[in-house]
Amino acid sequence: MGRPRTTLERRQLGAELRRLREAAGKQQKEAAAAIECDVSQISRVERGERAFKVLEIEALLDFYGAPKEDRAQITRLAQLARQRQPRRMYSDAFPGAFRRLSDHEQDATEIYYSDSELIPGLLQTEDYIRAMMRVGRAALVGTASHEDIEARVQFRLDRQELITRENPPRMWFVIGEAALRRPVGRWKVLRGQLQRLLALIEQHPHIVIQVAPLSIVDHPLLGGSIEILRFDGLAPDLVHQPTFIGGGVYVVDEKDIAACMRAFDQLRAVALGPEQSRSFIARRVEELEHDD
């Protein structure tokens, strides 16, 4: 018997329903009784292995006392989860998109991340995150409140708990040299960020960091960031590419994911090796100390 059929939309829906159930303080058996189904069906939906009908979803949302702002997006996810035609790509522009990305990261066994211009979010310091949010949110929405920025900073810090948990995923980052030179916030902020990278390399053997120098002639992933998530066969692999307006695009076709992985392999082959990269980052820290 093969692995239960699952799709990205089903996994997204299951994670949202599990979060709402837990927030409401309900057990799976209580949810099953509320919509008159077997508890195993609630479990399978929360694991992304099946989809409920929209009416069943709405009954669960009533039982969980789901906030109004969540209902429309979850109903839309439920509709997408029942589609039979597979898609090569899936755009998640609903509210809570980065929270759902974090759910996938929590389930992953391997994470591969490339960014040419910025330090990847999973590695950012609090000061670096705050500086990015102030500029990014202001550009996106005009003005951003202190509360909005701080909530987003805290979410990204919570997301990083993945690094220190028991049995974390293997994580491999290739960071462009430009990210090591761009003064996000202030030079002091950048120096602290690079010191953080050195500490991560030293303290966490499951994390590998490589630097892609500006001198690379044929950079296979030049441009925006890309994150490849693998699940050791427990679920289909994913590729995520963020978009400026929020959320991002998921690549779900197996051939496309394989092509992304080949490009990542080509990039880490032409980037500085892990030890060379550590030395490069350490030199940048020294340069920034002299510049102060």
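The values are calculated or read from the model by the stated rules, or taken from the named source; none is laboratory data. Not measured: the values here are computed from a predicted model. Here Cβ is always computed from backbone atoms with ideal geometry, including for glycine, and neighbour counts include all displayed protein chains.
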Legend entry - Inter-residue pairs, beta-carbon under 8 Å, first assigned by TED's automatic domain parsing to the domain that holds Leu272 and closer than 30 Å to Val217 by Cα and in region 161-176, second basic (Lys, Arg) and outside any loop (DSSP other than H, G, I, E, B), 6+ apart: Trp172/Arg268; Val174/Arg268
Legend entry - Boolean, Leu214 is surrounded by fewer than 16 Cβ atoms within 10 Å (Cβ to Cβ) and out of contact with any Gly (no Cβ under 7 Å at 6 or more places or on another chain): yes
Inset, instruction - Would you be able to tell me the number of residues in region 164-203 that are in a strand (DSSP E or B) and modelled with pLDDT under 95? - result: 0
Legend entry - Residues of region 79-103 classified as of a type outside the set (Lys, Arg) and either more than 30 Å from Pro168 (Cα to Cα) or modelled with pLDDT of 90 or more (or both), total: 5
Inset, instruction - Find the residue count for region 255-272, including only residues that are surrounded by 14 or more Cβ atoms within 10 Å (Cβ to Cβ) and closer than 16 Å to Trp172 by Cα. - result: 10
Inset, instruction - Could you tell me whether any residue of region 61-70 is more than 18 Å from Gly14 (Cα to Cα) and at pLDDT 90 or above? - result: no
Legend entry - Close pairs (7 angstrom Cβ cut-off, 6 or more residues apart or separate chains): surrounded by fewer than 17 Cβ atoms within 10 Å (Cβ to Cβ) in region 41-62, outside any loop (DSSP other than H, G, I, E, B) and among the hydroxyl-bearing types (Ser, Thr, Tyr) anywhere: Val54/Thr75
Inset, instruction - Can you run down the residue pairs with Cβ atoms below 6 Å, 6 or more apart or on separate chains, where the first is in region 225-250 and among the small types (Gly, Ala, Ser) and the partner is modelled with pLDDT of 85 or more? - result: Ser225/Asp115; Gly248/His240; Gly248/Gln241; Gly248/Pro242
Inset, instruction - Specify which of the listed residues (Val217, Val174, Val239, Val208) is out of contact with any strand residue (DSSP E or B) (no Cβ under 7 Å at 6 or more places or on another chain) and either β-branched (Val, Ile, Thr) or closer than 30 Å to Ile257 by Cα (or both). - result: Val217
